[in-house]
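*Asks:* The structure's right below; bear with me while I get my questions together.
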Amino acid sequence: MHIRLKSIKPVTQHHDIFHLLSFAHTSSITSRPICTKTENNSHDRSFLPPDHSPIVDGLISIFQNRPFSPHTLHSPETTDFGSKLTPTIVETVLKSLQNWKIAHLFFNWASQQPGYRHTCYTYNVMASILSRARRNDQLRGLALELVNSRCLMTPGALGFFVRCLGGVGLAEEANSLFDRVKKTGLCIPNSYSYNCLLEALAKSTASVCLVEVRLKEMQDLGWEPDKYTLTPLLQCYCNAGKFGKALEVFNSMYEKGWMDTHVVVILVVSFSKWGEVDKAFELVERMEDHGIRLNEKTISVLIHGFVRESRVDKALQVLYKMRKLGYLPDVSVYDVLMGGLCRNEDVEKALILCSEMKNLGVYPDVEMLTKLVSILPEGDMVKLLEDGQEELGSEAMILLYNSILNGLVNKGSVSEAYYLLRAMMGDECDCDVQMDKVFRTKKMVRPDTNSFDIVIKYLCKTDNLDMALGLYQDMDRMNCKPSCLLYNNLIGSLSNANRVDECHKLLGDMKESGVQPTHFTYNSIFGCLCRRTDIEGAIGMLKEMRENGHEPWIKHTTLLVKMLCKHGRVADASNFLSSMVQEGFLPDIIPYSAAIDGFVKIQEVDRALQIFRDIGARECCADVVAYNIIINGLSKAGRVLEAHGILNEMQEKGLIPSVVTYNTIIDGLCKNGDIDQARLCFSTMVRKEREPNVFTYTTMINGLCNEGTPNEALELWTEMRELGRAPNRITFMTLVHGLCKCARPDDALLYFREMEEKGMTPDTYVYVALIEALLSNSNPLLAFKILREMFHSGIFPDPNDKNPLWVRLREAICKLSKDARTQSDIMSLITEGSIPIISSLSDIVIEDGTEPIA
């Protein structure tokens, strides 16, 4: 940079930017700044003809009369004034009306008067009023009306309207208005018009490309860029984070002597946002050498930037520079600095800063004191209190004590805060020596409600509820009235601790003291009653909530229903939901779904279906989850056609079935032996882009194997793996079991081995199915090998459980014991005790039948 910022590396020059700036000569500086504002001449009527003043006064009186009546617009007097309207009269009246709504009403009324037509100046006055009131919708409408009315505009008037739009962030509308006015010939823009447009675009998130296009368009028309052209260009590049281009524009302005405070502020603020606070600080110092002094706000931005970068020492330097320039920093600046020092736990500098503030007459607020207290040891707390007693009034001392209480609880020193509050109340406390000094200061301050709020809140958070209740009971003798927040903290914590009786007592105290219970108050107690499955108490609380206009929280009603269903009290859950309806509350679909699921789990599908139908009758829309639950219940009950009907109903209502929905239907169809419909449903699922998951494929593979079509099952298996769906243990076992059913033991053994290689353990059913299939395929040697692996793996059915699986395995062992190829091996296992249960059976005999195995 030509101002020699040492920390800034040379920036590569961009040909396109320097081409755009090549027309910017010092001779083109306009004497009219872009930020010129309109004057409000509402009280200066020297320009009005004498006969116009009565009309202006009469219209102002009519439109500002309270209450305003629309019938007034059609009165003879108003109609007479309307026939005499001129743009000057309209401008004067608009500037005199204090309310934007009345001004807008008058503007629209004026536009409807016969013989009158708005000019660009009346449009601009109205635009200025709407922009100041930030009425964006009305301002958009005004811009549209301006173009549609074919109102001619001067370049200055166009620029002013564009600035009004840009001032409220309507950059897109400003750009559109500029184009439409230009294309329709309503105005020929000049450099001022373009400068206003660039300013509007720079204030928004408009693309850099659009700003550069407008700049080139301006130059192509022969208008040379000036200071007020490059300022918004600089702002645009800064907003977009175009660091290099922003510096190029800045250098160009510096060379031409176009620097001012506003330009420097733009770059300083941007440096700070980019985290380049050192460069920003250097720029400030260089500009001071050129007689450019930054304002207080910009220096505050620098302080914020240094603190944000954890450069608190540098931020303090900027603070001293700020004071040297004659600025008195406000509390917010000191608050940022104090926050940075406290994060660094720099106690000494924090106390010095606090002392300097007091010397300047700026006293820390409660948030700043809380930050300070959070890092102070008890000894410094004593000094802070002692100094405060000498310098502060009673209100400020209360603030100081509350800050210390807040700081103590934030540090986790809840006990110390409790004892300090007790000391403020005049109670004797057992505490350590250091804290005793705090409690024995010259002038103890009586606590206020905030003091109790602070300590009770954290006692509740740390489950010291008895201590919290003790403080609450002592508030009366301190003439402190509990706040709504205090009641809610106590009731919320007691509810979570299942102390419902004390909650009810506090609720009664709350009402007696004139504090209105809130939504939180009632729902805390209601939630406690729901967790206790206290149906009667919950319904009683619902009645009270209805009387006071409060709704129960869905999570509590759902919890109660789920807990009742979990303990087999599904009918009670259903009755509770009915009671809610009787009390005037329509439960959400979530607790209804929980009740439906409860009935499904105890196989009372008709009751579940009845509740499901009742939901629709009460205009409570069932969601996908509710439909999935009822479809699952019907499918498991073998009522697949009904389940399919529910699916169709679901789609008719605009709900999109989920993967779970299709899985449930497919599972029901497969178990019902309707594999063709299962195939159709599977195809529909794929067609509607509901990607089948591993469960879907597992279900289909099981259904196809049960149907005796193992080849199709293996095709699905291959498809599943090609799509990246990794089969899990259940999928492997399903395939192995299915192939065994289909007399494909060799294929089954292949996947059985793959399953083992992946670290998945087959269950007893798979072992038995594979042994049976190998025996059926006349392969007793391999069957015995699998049997031995089964024994060695520790998976063996208990014969005492009367498990049908044991009967099947026993028959398989009998076959192996009668086969000459495996007979001796079976006897060896029995002799070794590898089959201890079988060794005691006397009815398994060898092939010649002469001797039982014993």
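The values are calculated or read from the model by the stated rules, or taken from the named source; none is laboratory data. In this text the structure is predicted, and so the values were computed from the model without any measurement. Cβ: placed from backbone, ideal geometry, glycine included. Neighbour counts: every protein chain shown. The area values use the complete protein model at the heavy-atom level, side chains included, leaving out ligands, DNA and RNA. Shrake-Rupley method; radii C 1.70, N 1.55, O 1.52, S 1.80 Å.
*Asks:* Say each of ASN344 and GLN113 gets a label point 7 Å from the Cα, pointing the same way as Cα to Cβ; how far apart are those two points in nm?
*Replies:* Here the answer is 6.7 nm between the modelled labels.
*Asks:* From the convex hull of the Cα coordinates of the stretch 308-379, what is the mean projected area in square nanometres?
*Replies:* Details: hull surface 18.8 nm².
Average projection, Cα convex hull of the stretch 308-379: 4.7 nm².
*Asks:* Same structure, new question: Separation between the ALA571 and LYS815 pseudo-spin-labels, each 7 Å from Cα along Cα→Cβ, expressed in nm?
*Replies:* With each label point 7 Å from Cα toward Cβ, the separation is 5.0 nm.
*Asks:* Let me ask another. List, in order, the whole-Hz ³J(HN,Hα) value for each residue of the stretch 562-575 obtained from phi through the Karplus relation with A = 6.51, B = -1.76, C = 1.60 and θ = phi - 60°; use x for Gly and Pro.
*Replies:* Couplings: 5, 5, 5, 5, 4, 9, x, 9, 5, 4, 5, 4, 5, 5 Hz.
*Asks:* What is the extension gain from SER778 to GLU649, computed as 0.36 nm multiplied by their sequence separation minus the C-alpha to C-alpha distance, in nm to one decimal?
*Replies:* 41.2 nm
*Asks:* Sketch the reach of a paramagnetic label on LEU152 as a point 7 Å from Cα along Cα-to-Cβ, and name the residues of the stretch 110-127 whose backbone nitrogen lies under 20 Å away.
*Replies:* 115-125
*Asks:* Suppose every K and R has +1 on its Cβ and every D and E has -1 on its Cβ; what is the size of the dipole of the stretch 444-590 about the Cα centre, in Debye to the nearest 20? Walk me through the numbers before you get to the answer.
*Replies:* Numbers: 16 positive and 18 negative charges, 69 e Å.
The dipole of the stretch 444-590 has a size of about 340 debye.
*Asks:* Now, a different point. Once the piece of chain linking SER394 and GLU754 is laid out straight, how much longer is it, given 0.36 nm per residue of separation minus the C-alpha distance between them? The partial results should precede the final answer.
*Replies:* Numbers: separation 360, 0.36 × 360 = 129.60 nm, distance 8.17 nm.
Stretched fully, the SER394-GLU754 segment lengthens by 121.4 nm.
*Asks:* Only Lys, Arg, Asp and Glu count, each charged at its Cβ (+1, +1, -1, -1), so figure out the dipole size of the chain about its Cα centre, rounded to 20 debye.
*Replies:* 2580
*Asks:* Looking at the stretch 124-154, which trypsin sites (Lys or Arg not before Pro) are DSSP coil and have at most 13 other C-beta atoms within 10 Å of their C-beta? Please list the in-between numbers first.
*Replies:* Details: sites: ARG132, ARG134, ARG135, ARG140, ARG150; in loops: ARG134, ARG135, ARG150.
Those satisfying the criteria are ARG134, ARG150.
*Asks:* State to the nearest 20 debye the size of the charge dipole of the stretch 597-704 about its Cα centre, where the only charges are +1 on K and R beta carbons and -1 on D and E beta carbons. Provide the component values of the computation, followed by the final result.
*Replies:* On the way: 12 positive and 14 negative charges, 29 e Å.
With Lys and Arg at +1 and Asp and Glu at -1, about 140 debye.
*Asks:* Same structure, new question: Determine, for each peptide in 709-716, 496-503, 527-534, the mean count of other beta carbons within 10 angstrom over its residues, then list the peptides with the highest first.
*Replies:* Working: 709-716: 17.4, 496-503: 14.9, 527-534: 20.1.
The most tightly packed comes first, giving 527-534, 709-716, 496-503.
*Asks:* Roughly how compact is the chain, stated as its Cα Rg over 2.2 N^0.38 Å to two decimals?
*Replies:* Working: Rg = 42.1 Å, N = 854, 2.2 N^0.38 = 28.6 Å.
Normalised by 2.2 N^0.38 Å, the Cα Rg of the chain equals 1.47.
*Asks:* Gain in length, ASP260 to ASN99, computed as 0.36 nm per residue apart minus the alpha-carbon separation, to one decimal in nm?
*Replies:* Details: separation 161, 0.36 × 161 = 57.96 nm, distance 3.63 nm.
So the chain would gain 54.3 nm between ASP260 and ASN99.
*Asks:* Alpha carbon centre of the stretch 55-101 versus the stretch 696-729: separation in Å?
*Replies:* 82
*Asks:* Distance check, please: which entries in LYS183/LYS227; LYS227/LYS256; LYS242/LYS314; LYS562/LYS653; LYS182/LYS245; LYS273/LYS371 exceed 19 angstrom between their Cα atoms?
*Replies:* On the way: LYS183/LYS227 27 Å; LYS227/LYS256 9 Å; LYS242/LYS314 26 Å; LYS562/LYS653 27 Å; LYS182/LYS245 29 Å; LYS273/LYS371 25 Å.
In this structure, LYS183/LYS227; LYS242/LYS314; LYS562/LYS653; LYS182/LYS245; LYS273/LYS371 lie more than 19 Å apart at Cα.
*Asks:* Please work out, to two decimal places, the log10 of the ratio I(q)/I(0) at q = 0.20 Å⁻¹ from a Debye calculation in which every Cα of the stretch 130-240 carries one identical scatterer.
*Replies:* -1.02
*Asks:* Before I look further, what does the chain give for accessible area per residue, probe 1.4 Å, in whole square angstrom? Don't skip to the end; give the middle numbers.
*Replies:* Working: 40580 Å² over 854 residues.
Here the per-residue accessible area is 48 Å².
*Asks:* OK, next. Would you kindly find the accessible area of ARG546, with a 1.4 Å probe and non-protein molecules such as ligands, DNA and RNA excluded, rounding to the nearest 10 Å²?
*Replies:* 110
*Asks:* Give me the percent of the accessible area of the stretch 554-696 that comes from carbon and sulfur atoms, probe 1.4 Å, all protein chains in place.
*Replies:* Details: 3590 of 6930 Å².
Here it works out to 52 percent.
*Asks:* Give me the distance in nm between label points sitting 7 Å out from Cα along the Cα-to-Cβ direction at ALA726 and THR709, one decimal.
*Replies:* Rounded to a tenth, the inter-label distance reads 3.0 nm.
*Asks:* Considering only protein heavy atoms and a probe of 1.4 Å, how much of the accessible area of the stretch 233-342 is carbon and sulfur, as a whole percent? Show your work: numbers first, answer last.
*Replies:* Working: 1970 of 4260 Å².
Using a 1.4 Å probe with all protein chains present, the stretch 233-342 comes out at 46 percent carbon and sulfur.
*Asks:* Provide Rg over Rh for the stretch 555-689; use the alpha carbon set for both Rg and the Kirkwood Rh (inverse mean inverse pair distance).
*Replies:* 1.00
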